Amino acid sequence: MTWTSFIEGISPARLERTILLGVKSLWMHKLRSMLTAMGIVFGVASVIAMLAIGEGASHEAQEQIKNLGSQNIILQSIKATNSADAGKEERSFILEYGLTFRDIDQIQATIPGVSVVVPGRKLQDFVWRIERNVDAVIMGTVPWYPVMRNRELLRGRFFTEIEMKDRSNVCVLNSDMAAKLFPLSEALGQEVRLQTSYYTVIGIIESRQAVASGSGGGLGGDTGGGKDEGEATMEMLLPLSTLLERFGEVLVKFRSGSFEAEKVELHEVTVKIEDPDKVVAAADAIKHLLSRNHKNMDYKMVVPLELLRQAARTKQIFNIVLGSIAAISLLVGGIGIMNIMLATVTERTREIGIRRALGAKQRDIVLQFLIETVLLSGAGGVIGVVMGLLIPMVITHFAGMLTIVQLWAPVLAFTISVLTGVVFGIYPAMRAASMSPVDALRHE
Amino acid sequence: MSDAIEPIIELKGVEKHYQMGSFTVKALRGISLKIFPGNYISILGPSGGGKSTMLNILGCLDQPSVGEYLLEGKDVSHLDDDDLSQVRGKRLGFIFQSYNLIQQLSVVENIEVPLYYQGVPAAESRERGIKLAEQVGLGERLDHRPTELSGGQQQRVAIARALANDPAVILADEATGNLDSKSGGDILRIFDELNEQGKTLILITHDEGMAERTSRTIRLRDGQVEFDSMFGGKQEIQPPESE
Ligand SMILES: Nc1ncnc2c1ncn2[C@@H]1O[C@H](COP(=O)(O)OP(=O)(O)OP(=O)(O)O)[C@@H](O)[C@H]1O
Ligand SMILES: [Mg+2]
C-alpha cells in the first residue's frame, strides 16, 4: 500500500463517516478514551501555561530593563572591596571613593557618541513634614533626568535649568513618599524639611520597583540600595547644585550608634550613547578610561542593553528547557495512546476480520484506527488548549504574576498533539490492517 | 448441465497447506469442482475435513497454496490484497456461525457496512439497508444494537448484510450451528427463498436434514471431495498420504 493510494482513497464523505464511526467506537469506552486523552491534555495545557508564565516573566524583566534606557550606560559608585587601600582609608576617618566630576569631563571629552551625561549624588536622611518623617534617599541630579531614565512625572513638573543654576530649594517626590508624607492632602506646593532647610514640592514622579534581583543584583541601586526588595523606596529628587551647596562633599552618617564619614562626589552617572549599536563599544571604552582613575574598582557599570541581551539569552534557554519538557510530556502522552490503541486493535481483531470480509481494504482499516487516535489526541489537544488558557488566567488572578499567551502557543501545541496522534497511531493502525482476514475472524 | 452454462465458480486442483513447525498440514489436497449459477449447495463432512478451509478460499478470504480459482471466469488466486477485498465486498456475501455483527453499530448500520466500503452514498445506503432489514423481518428493529437481539434475529441481520451488495454467491459456515431448531428453520426458509430468487448459495452444515433441502451435496473428507451429488455418487479418492 503506497501513501498516494492511501490519500486518494479518502473522499470527504468517507472521511466524515469514518470520523462518525470513530466517535462511536470511542464513545463505547468513554472512561478509557478520557483517560487515554489525559496524557495529551496535561501535556498541551502545561506547555501553554508554562510558555505564558515564561513570556510574562521575561516581558516584565525586559520592560524594567528597557525603562533604564537601552542607549544608556549607568555607572554607580560603590565602596571598593579591594582591601589594599582599606588601612589608609581607616586612618583618614573619611572613606573616599566613587565617581567624580573629573570622570564625567573625561567621558564627555574622549568617548565618541556621548550625547548626555546625567550625574547624580545621593544621601540618605530623614525628610520631615511637620511631625511626620520618612527615611528617604535624597538624590541630587539634573533637569533631564526623567527623560533619560524614562520616568514619568505624575503631577507637577521636574525642576528646570534655571532652578538648577539658582540652587533653588525645590524637590520632586516619588509617589510613595508623597503618599507617606501627605496622606490626606495634595503634596504639590507644600514644603518638606531636610535637616535645616525647607524645600517646595514641585512634582510627583512615579515610584519604580527595583529591577528583578536576577539581573546582576545591583539595579536596585537605581533608587538607592539597601532596601529590601518589594518595600517601597522613598525618593526625593533635588537639583544637584542645591544638594552640593547644602551638604558639601563629605557626608557624615550616623548609623546604629557608629558614625562614618564618606566623601563621594557622584553616586550615579548615566551616560547616553547616541548610536544604539555603539553602546557596548562605548561601555568598554568607559571602563578602560575609568580604570586609570579608579584602581580599586569603586564603581560598577550597568549596561541595560547587555542586560536585555542576557534576558533574551535566558529566555532562549528557558524555551529550550520548556521545549524538552513539552516534547517529553507529549511523548509520554503519545506512548499512552499507542499502548491503548494496540490493546484496542487486539480487542477488536474480530471486528477487523468482519470488516475485511465485507470488503474493507487495508487502507480502510488504517484510516479507521488512525482517525480514532487522531480524534483522541485532537480532543485531548482541545481540552488541553482550554486548560492551558485558563491556568495562566488563574495564576495572574491569584498570584498577581504577569502571564502572556501568544497566539502561536496554543496553535502549535494543538498541532503537535494531533501530530502525536498520527505518529503514535500509525503503528497500531498498520498492525490492524496487516492481519490476515481469516486469522482475524478466528480471533476470540 | 449443458456446456453452454458457464460455471460461476471453478476450482482446479486446489490445495491448501499449513506449515506447522517442521511438517506441513495439507488441509485441502487437490479439489476440483464447478459451481453453476443458481446452485444450492450443502457441504458436509467430518470435522477437520477441510470444509471451512475450502469456504475461506471460495470467499477470497484466503488463497490456495496450489491450483487455480476462477470466480465468474476470472482467476482470483493471484490477486493482490486490494483486489481481493474488492471481490469480497462486491461479489460475495458471508454468513458466519457466530453472526459476527459489529457491536457498536445498530441493525441498519450493520447491514450497511458492505455498502460503505463500496462507497455507496449515505442516503442511498440507508434506504437499501432499511429495505433489506424489512426483507428479513427486522423492519421494526432498525436502531437496535446486536446485543438487544436474539440469536436468530442476529443471524437474519447477518443475512441482510450478506445481501447488501447483491453478491453473485452467498457463503455460509454453519449458519444455524448456534441456533435452536425453530430459529434455525427460519434461517433455512430464508435460504430457500433466496435460492428460488436465483441466488447461488453454498452452505456448510453438519445437519443431514438441511442437506436434503439443497439441490446439491458435496462431502469433504481429509481435504478431498468424497462425494458430489451432481455426479451422482462417489468420486475417485486418492488414499491420504501418510503424515
Ligand atoms: N490456520 C491453520 N493452521 C494450521 N492448520 C489449520 C489451519 N486452519 C485449518 N487447519 C487444519 O486444516 C484442517 C481442516 O480444517 P477445517 O477448519 O477446514 O475443518 P472443518 O471441516 O471446517 O471442520 P469443522 O467441521 O470442525 O469446522 C484441520 O486439520 C485443521 O487442523
Ligand atoms: Mg469449520
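In square angstrom, rounded to the nearest 10, how much accessible surface does A:Ser58 have for a 1.4 Å probe?
20 Å²
Once you put a point 7 Å from the Cα of A:Ile317 and another 7 Å from the Cα of B:Asp166, both along the Cβ direction, what distance in nm separates them?
The modelled label-to-label distance comes out at 7.5 nm.
Sequence gap at least 6, Cα distance under 8 Å: using those rules, report the relative contact order of chain A to the nearest whole percent.
Value for chain A: 29 percent.
How far is helix B:151-163 tilted, in degrees, relative to the longest principal axis of the Cα atoms in chain B, given as a value from 0 to 90 rounded to the nearest 10?
80 degrees
Report the convex hull volume per residue for the protein assembly as shown, counting only C-alpha atoms, in Å³.
About 262 Å³ per residue, rounded to a whole number.
With every protein chain present, what accessible area does A:Ser77 have (1.4 Å probe, heavy atoms only), rounded to the nearest 10 Å²?
Approximately 20 Å² for this residue.
Using a 1.4 angstrom probe and counting only protein chains, how large is the accessible area of A:Val386 in Å², to 10?
Rounded to the nearest 10, the figure is 80 Å².
Under a point spin-label approximation (7 Å from Cα along Cα-to-Cβ), what is the B:Ser181-A:Ile10 distance to one decimal in nm?
So the two model labels end up 5.5 nm from each other.
Looking at the stretch B:9-234 from every direction and averaging, what is the projected area of its Cα convex hull in nm²?
With the hull built on Cα positions only, its mean projection is 12.9 nm².
Rounded to the nearest 10 degrees, what's the angle between the helix A:304-347 long axis and the longest principal axis of chain A, both from Cα atoms, 0 to 90?
20 degrees
Compute the signed sum of charges (Lys and Arg +1, Asp and Glu -1) over the other residues within less than 11 Å, Cβ to Cβ, of B:Lys12.
Value of the local net charge: -3.
Using a 1.4 angstrom probe on the protein heavy atoms only, could you order A:Thr36, A:Thr196 from most to least accessible area?
Largest accessible area first, the residues go A:Thr196, A:Thr36.
Given a cut-off of 19 Å, name the pairs among A:Lys122/A:Lys295; A:Lys24/B:Lys90; A:Lys272/A:Lys300; B:Lys51/B:Lys182; B:Lys12/B:Lys199; A:Lys79/A:Lys300 whose C-alpha atoms lie farther apart than that in the structure shown.
A:Lys122/A:Lys295; A:Lys24/B:Lys90; B:Lys51/B:Lys182; B:Lys12/B:Lys199
Which value, in debye to the nearest 20, gives the size of the charge dipole of the stretch A:337-408 about its Cα centre, when Lys and Arg are +1 and Asp and Glu are -1 at the Cβ?
Value, rounded to 20: 320 debye.
Compute the long axis of helix A:279-293 from its Cα atoms, compare it with the longest principal axis of the Cα atoms of chain A, and write down the angle in degrees, 0 to 90, nearest 10.
For A:279-293 against chain A, the angle is about 40 degrees.
Mind checking the mean number of beta-carbon atoms from other chains within 10 Å of the Cβ atoms in A:345-358?
Other-chain Cβ atoms within 10 Å of each residue's Cβ, averaged: 5.
Let me have the 222 nm mean residue ellipticity of the protein assembly as shown computed from DSSP H runs of 4+ only, each contributing -39500 (n - 2.57), with the sum over all residues rounded to the nearest 500.
Result for the protein assembly as shown, helices only: -15500 deg cm²/dmol.
Given B:Val113, B:Val157, B:Gly59, which one lies farthest toward the positive end of the charge dipole of the stretch B:9-234, if we put +1 on the Cβ of every Lys and Arg and -1 on the Cβ of every Asp and Glu?
Sorting the options by dipole projection puts first B:Gly59.
Under a cut-off of 20 Å between alpha-carbon atoms, report the lysines in cross-link reach of A:Lys30, not counting same-chain residues fewer than 8 places apart.
Correct list for A:Lys30: empty, as no lysines qualify.
Could you give the distance between the Cα centres of the stretch A:293-365 and the stretch B:184-223, to the whole Å?
60 Å
The values are calculated or read from the model by the stated rules, or taken from the named source; none is laboratory data. Just so it is clear, the structure is predicted and the values come from calculations on it, not from any experiment. Glycine gets a Cβ as well: all are built from the backbone with ideal geometry, and neighbour counts include every protein chain shown. To get the accessible areas, we keep the full protein, side chains included, count just its heavy atoms, and leave off ligands, DNA and RNA. Shrake-Rupley method; radii C 1.70, N 1.55, O 1.52, S 1.80 Å.
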